[in-house]
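Take a look at the structure below.
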Protein chains: 4
Amino acid sequence: MIHRKLRMGMIGGGHDAFIGAIHRIAANMDGLIEFTAGALSINPEIAKASGVSLFLDPERTYSNYQEMLEKERSISVEKRLDFISIVTPNFAHFAPAMACLDAGFNIVIEKPITFSLQEALQLKAKLDETGLSLCLTHTYSGYPMVKQARAMIAKGQLGKLRKVWVEYPQGWLSKLSEREGNAQAAWRTDPTKSGKAGSMGDIGTHAAHLAEYITQHKITHLCADLSIMVEGRMLDDDGNVLLKMEHGVKGALLASQVAAGEENSLKIRVYGELGGIEWSQLEPNSLIVKWLDNPTQILRAGSNYSHLSSFATMNCRTPGGHPEGYLEAFANIYRNYAKYLLAKINHQEPTLENQDFPSIEDGIRGMAFIDSVVESNLSKDKWTPFKI
Amino acid sequence: MIHRKLRMGMIGGGHDAFIGAIHRIAANMDGLIEFTAGALSINPEIAKASGVSLFLDPERTYSNYQEMLEKERSISVEKRLDFISIVTPNFAHFAPAMACLDAGFNIVIEKPITFSLQEALQLKAKLDETGLSLCLTHTYSGYPMVKQARAMIAKGQLGKLRKVWVEYPQGWLSKLSEREGNAQAAWRTDPTKSGKAGSMGDIGTHAAHLAEYITQHKITHLCADLSIMVEGRMLDDDGNVLLKMEHGVKGALLASQVAAGEENSLKIRVYGELGGIEWSQLEPNSLIVKWLDNPTQILRAGSNYSHLSSFATMNCRTPGGHPEGYLEAFANIYRNYAKYLLAKINHQEPTLENQDFPSIEDGIRGMAFIDSVVESNLSKDKWTPFKI
Amino acid sequence: MIHRKLRMGMIGGGHDAFIGAIHRIAANMDGLIEFTAGALSINPEIAKASGVSLFLDPERTYSNYQEMLEKERSISVEKRLDFISIVTPNFAHFAPAMACLDAGFNIVIEKPITFSLQEALQLKAKLDETGLSLCLTHTYSGYPMVKQARAMIAKGQLGKLRKVWVEYPQGWLSKLSEREGNAQAAWRTDPTKSGKAGSMGDIGTHAAHLAEYITQHKITHLCADLSIMVEGRMLDDDGNVLLKMEHGVKGALLASQVAAGEENSLKIRVYGELGGIEWSQLEPNSLIVKWLDNPTQILRAGSNYSHLSSFATMNCRTPGGHPEGYLEAFANIYRNYAKYLLAKINHQEPTLENQDFPSIEDGIRGMAFIDSVVESNLSKDKWTPFKI
Amino acid sequence: MIHRKLRMGMIGGGHDAFIGAIHRIAANMDGLIEFTAGALSINPEIAKASGVSLFLDPERTYSNYQEMLEKERSISVEKRLDFISIVTPNFAHFAPAMACLDAGFNIVIEKPITFSLQEALQLKAKLDETGLSLCLTHTYSGYPMVKQARAMIAKGQLGKLRKVWVEYPQGWLSKLSEREGNAQAAWRTDPTKSGKAGSMGDIGTHAAHLAEYITQHKITHLCADLSIMVEGRMLDDDGNVLLKMEHGVKGALLASQVAAGEENSLKIRVYGELGGIEWSQLEPNSLIVKWLDNPTQILRAGSNYSHLSSFATMNCRTPGGHPEGYLEAFANIYRNYAKYLLAKINHQEPTLENQDFPSIEDGIRGMAFIDSVVESNLSKDKWTPFKI
């Protein structure tokens, strides 16, 4: 049985990038994963310099991902990469992902998973064909109290569900920052790099994923009103969406990147016959549980009372009152995936808790959400079916 | 010049009612109004008993409003009522209101103002004809920090507006309480008493009024999805509505009376180019002001810093840190109306602050909101114009 | 049996005063009390003008309290005052209070009850002698959720008590405002008007009362460190006090009027073997209940779940989610006292809930607290007994 | 110039321990430190098994720290440890620390630094003698908004300081858990393992350090009232302490481990002439700044407005709204120390920001705090000087 750190390669994430650094912290945190190789930038000099500053072995610092895959696949199995994280902008997910799979490497990939639904479906076919695995970093589903909410709803503690309100206001695109040298803003607002949706792709997909993840009810129809609030922008920076979900659940999804003064205020409320839950990413260690005829309770991450499900407690590192945050949620996705992968390598059945990371199915639904929301926005009809 | 307490009569509000007691507290609070006469119930015995328990002069405790109007109009001007508050259920607003105006009495009236838009328009015609005044008790616009938000937006402190999110979850209709002896639930869910909308009439109108009051932008189109979540109910108990407002503002209005575990959580957020405001009825003395490139501020009712507008400060009774609440907001509407009325009686021009109470125009828009939201709900088209 | 509004007179509270207006709102609110007569200022012109602006009968607007007492005692019992509220500064409580009692009038009185403990004890002797009653307006004990905390502790729901932390930061005396024309600051910082303590008399007594009221454990020893933080001031504006209470409970009482930026942040936490409660005056409608091995609960005023004691629910006017505040807490004291007094007048036994208002005993303990805290501050010994 | 990860050894922290795992996460997070060697338990079997489960090189997994030091000092400088983290219980800090220094290794050490003040002073002498460095993990000073508070006060933004209130309630020792198999509780309540103070050593020292760190004012006198609330316990589990600090600042320090229902609620408030700050560990990414005549502001970690000092921003990893927590605060101490050490190794001057980690001086003050607080508790005098 293999017992060692897993070896991670990375595509993208050089020192001119943002999310790559987050992935490395997440992968480092629990001492289960070793950052071993990288093709860190399409600019070979940045790729090299980034490798140096990150203490990467120069022999495994590559100029591009093709080179990395070619070299790494020929390394002996004792040293070969176990998986590769793809942290490039949206438009540059698909090609390296397919190449990784073709070369026999499992992948971790940023959301939205691809540039189009079609690509996502192709990725799935390739995964099926190769038997390799994919982990999608829908970070917010990594929070323990999100998992607690999901577990409570699954157990029926809220009764039959009725309502979902999910909101995701940010303010950082309130100005035309893409014209003022903000690299993050530049590619995210560029349809050739980001895809057919702006805010709905960047954060709307997170909100939709969270709603489906917590409730285990799928969106079936939506009614979208997307806006470009900042003159000169090419993609939606704001949107309000009505939802129909399975089993008669109704909902609303509100997302904006022009909500001036907001940071990253993802929040969800779900109501059933017996009560409701409320979770806010800004105070992620609390799950507020409201009851129809009883006082509201505050469930807290890391607590040792019996109310918490194993899915919550196994995704905590500290006892109650020692707040964990975004990086730990991210690290939970890496940790669960690493344990899943190790079990697979060892031909063991992963635990249910270790199977709990977003997958290709979530990626496909994310792309379908983008398609459906854009189609609905263009339609005069109230309801547009959620289609895959 | 007249200098005395104003004399108030009341129609409805006997001891089997809820909102009448609130009106009396609101009217009492500032010592400007004297509760002088009443036709407190359609049940003459309850009317009489209620008068006794409320220390009303037995000679001015009437069996019905017709009797009250007939007697009171013949009382000498030194003792005659100055205005009459109508606190009956929705369906019983119009007839007494018209009768009061015909008898020469100003009126205070609960929202929604009438049973139908048509009635509201007739009421306006009667007001125009008689020159009398009407005050509509949209309570939430009485809060000082709501007025502060309105003043800041009017001054352009948030820049051009972009987004309005207003939400109003309650949970008290999560069960079929109308069949379990809950009198409040019974009439509010009965289309013959409440009108063509349930939750949208009861609380959706508050949310819509708040959005228009704070922003001074009118709703122009809406897209509504109303639901009956509790089986056996006849009117909507839940709804999500997309909004278009003047000058390109987009919005969403979410209201529910089946959000189990929620009390009365009216909340509004408005975003402009420069920042946003957030106000929550559950913590009404704070106005959270978010800025694009500066720290969030918390403006507090009763504070003596110069940030507060006169519309806020003149509607506070206590210094900062001595919380005022729902009853004071209600009392602000009565106080402003009383001062307005006294100025009118004395042939003076009321101050702008004393003109700041909801009027027949707000009532008409409320009825039009109900009509439009119900029409939109039945429509397959995405957008329905807001029509009066 | 008498059934009518009670008639209130007032000493002090002219339009140059603050707290008198609060008393009038509190007395008005529930329609149980009629403001009937007043000696509203030591300045006869202000007294007269205040009477006019408050719509007081000119015949019962007096130049001074002696005149009021003389006239009112000779009025027929059908019209005579039922009680008199004394709302003058501290140094001017005792003489009018004694005169009221001598003239046969029940009294409501602001805290601290007198200028010295000795006076408070004399007042008690006079009350015993006359059989009249006194109500002391320790406002904060009027909040429903304070009463809920008291009831839960009395029932043993927290187990044996261990800890009390009560804090009361204000910031309004951060500068030498008494020299800048602030009349409130002027008398409160003047030992000839306020007494031997400054902040400890003004707000420390509220904190001490709240601690004893909620826990029903008396302070037995204290260790005080008082400060004058603002140069030129004559009385303490800040203080930290360690407490020993009955049955081995330990505590701390922190009060300051130079906590710049604080409004009126009275807050108390009590811990027992099984859990703790937390109540904050700035969000008075919530009682946070923490449990040793269970999630924290938030109990809410006005809720209809069975967790609330009758002492809480009978001091609410609105359903949950319609926030009540400082003025309602104040009004609860008036309402309970009015109902108590009406029962007494009618030779009935008041309910326990109607006996729930601060009394002469609380006033005496308040004066003893001031004496003890000042003595402790001057002592080099750690512990000073709480003496009456 | 050396450019590589630093190599960390660890003494203690086997898989039966708590804090060792936290140290490893903190050291891992930023990819600057490699966990290279360990003597992870006094039980050689646990030591070995822990090494295996942590993927430690078996050749560098030692049975005890003596063995580790002997072997590691003889390893070539290219592979030798750069520093050793000592994460054993209090009583077992001093001997390994001295041995590490004698063997030429820098150390990271848990607080309280030693078992006695005397030992701490000896450690300082040894540090001076060897020229090696020590980093003390007072975690809470690693939070960015704590550093922000310190920076604002240093710049005089609050004016002259007046008041410090620091509180630290926990509830986990509310029962006699040390007799129920709780290993953490067992050694922390055992005077032979923990030292002369219980809660004051475990958490009181954190509170005292935070107060001095933020204000840069030293405690000069204290007045302590410590309690053993749980019968059968040998050390204080609760305490209230009055403080005098430099320049006339007054304070209070409240700490308890029997505050049933509290998790880990460290909180500090500091007031000066112009305003105050409030920081709570449970919501560590916000710094509430209160102003005398202006609205309260909420400063947020990761924000890009200009209000944040470099000491705050350089200790953030994520943009505003992506909450960081306890582990990141811990990692900040490791990261700053690692950068400091790397600069030293390279004979460079560390930046001021990289010198910002707790040192032997803080450790000595912590031990002196314990001595003084215990002495004060036994004294009948109000004030006991803070002595080193």
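When you go through A:K71, A:K79 one by one, which is the residue that is in a helix (DSSP H, G or I) and away from every other protein chain (no Cβ under 14 Å)?
Sole residue among the options that is in a helix (DSSP H, G or I) and away from every other protein chain (no Cβ under 14 Å): A:K71.
So, of the residues in the stretch B:216-225 that are within 20 Å of B:I388 (Cα to Cα) and either touching a Leu at 6+ places or on another chain (Cβ under 7 Å) or modelled with pLDDT under 95 (or both), which turns out to be nearest to the other protein chains (Cβ to nearest Cβ)?
The extreme case among them is B:C223.
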Checklist entry - From the list C:A312, C:A260, C:A343, C:A368, which residue is among the hydrophobic types (A, V, I, L, M, F, W, C), away from chain D (no Cβ under 14 Å) and crowded, with 24+ Cβ neighbours inside 10 Å? => result C:A312
Checklist entry - Taking the stated definitions as given, is B:L242 more than 30 Å from A:G248 (Cα to Cα) and of a type in the set (A, V, I, L, M)? => result no
Next on the checklist: Here's a check for you: in the stretch B:231-251, which residue that is among the acidic types (D, E) and surrounded by fewer than 24 Cβ atoms within 10 Å (Cβ to Cβ) is nearest to the other protein chains (Cβ to nearest Cβ)?
Outcome noted: B:E231
Next on the checklist: Checking B:P295 against (1) closer than 30 Å to D:Q297 by Cβ; (2) touching an Asp or Glu at 6+ places or on another chain (Cβ under 7 Å): exactly one of these is not met. Which one?
Outcome noted: (2)
Item to check | Only listed residue being over 24 Å from the mean Cα position of the chain (by Cα), among the hydrophobic types (A, V, I, L, M, F, W, C) and more than 8 Å from every other protein chain (Cβ to nearest Cβ), chosen from C:I288, C:I277, C:I228, C:I298 | outcome: C:I228
Checklist entry - Is at least one residue of the stretch D:325-333 in contact with a Ser or Thr (Cβ under 7 Å, 6 or more places away or on another chain), crowded, with 21+ Cβ neighbours inside 10 Å and among the acidic types (D, E)? => result no
Checklist entry - Do you know which residues across the stretch A:371-384 are surrounded by fewer than 19 Cβ atoms within 10 Å (Cβ to Cβ) and either assigned to a loop (DSSP other than H, G, I, E, B) or among the acidic types (D, E) (or both)? => result A:E375, A:S379, A:K380, A:D381, A:W383
Next on the checklist: For the list (1) within 14 Å of chain A (Cβ to nearest Cβ); (2) among the polar types (S, T, N, Q); (3) touching a Lys or Arg at 6+ places or on another chain (Cβ under 9 Å), I need the number of the one condition that B:N354 fails.
Outcome noted: (1)
Item to check | Matching entry among D:S41, D:S53 (being more than 26 Å from the chain's Cα centre (by Cα) and small (G, A, S)) | outcome: D:S53
Item to check | Selection from the stretch C:303-319 of residues that are touching a residue at least 24 places away in the same chain (Cβ under 8 Å) and small (G, A, S) | outcome: C:S309, C:S310, C:A312
Next on the checklist: Restricting to the stretch C:151-200, name every residue that is closer than 30 Å to D:A255 by Cα, of a type in the set (D, E, K, R) and in contact with a helix residue (DSSP H, G or I) (Cβ under 9 Å, 6 or more places away or on another chain).
Outcome noted: C:K160, C:R162, C:E167
Checklist entry - For the stretch B:1-55, which residues satisfy the criterion of being in a helix (DSSP H, G or I) and either of a type in the set (D, E) or in the same structural domain as B:W187 (by TED's automatic domain parsing) (or both)? => result B:E45
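Within the stretch B:106-115, can one find any residue that is closer than 30 Å to B:V289 by Cα and in contact with a strand residue (DSSP E or B) (Cβ under 8 Å, 6 or more places away or on another chain)?
Checked against the condition, which is being closer than 30 Å to B:V289 by Cα and in contact with a strand residue (DSSP E or B) (Cβ under 8 Å, 6 or more places away or on another chain), the stretch B:106-115 yields at least one hit.
Just to be sure I understand, how many residues within the stretch D:263-274 are within 8 Å of chain C (Cβ to nearest Cβ) and among the acidic types (D, E)?
The qualifying residues number 1.
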Item to check | Subset of the stretch C:21-46 (residues that are farther than 19 Å from C:E78 by Cβ and surrounded by fewer than 24 Cβ atoms within 10 Å (Cβ to Cβ)) | outcome: C:A21, C:I22, C:R24, C:I25, C:D30, C:G31, C:I42, C:N43, C:P44, C:E45, C:I46
Next on the checklist: Cβ contacts < 8 Å: first residue touching a residue at least 12 places away in the same chain (Cβ under 8 Å), restricted to the stretch B:40-51; second residue β-branched (V, I, T) and part of a helix (DSSP H, G or I), any location; separation 6+ or different chain. Result?
Outcome noted: B:L40/B:I46
Checklist entry - Checking B:Y305 against (1) out of contact with any strand residue (DSSP E or B) (no Cβ under 7 Å at 6 or more places or on another chain); (2) at pLDDT 95 or above; (3) farther than 30 Å from C:R317 by Cα; (4) within 14 Å of chain C (Cβ to nearest Cβ), which test does it fail? => result (2)
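The values are calculated or read from the model by the stated rules, or taken from the named source; none is laboratory data. Everything numeric here is computed off the predicted structure, so don't read it as measured data. Quick reminder, even Gly has a Cβ in these numbers, built from the backbone with ideal geometry, and neighbours come from all protein chains shown.
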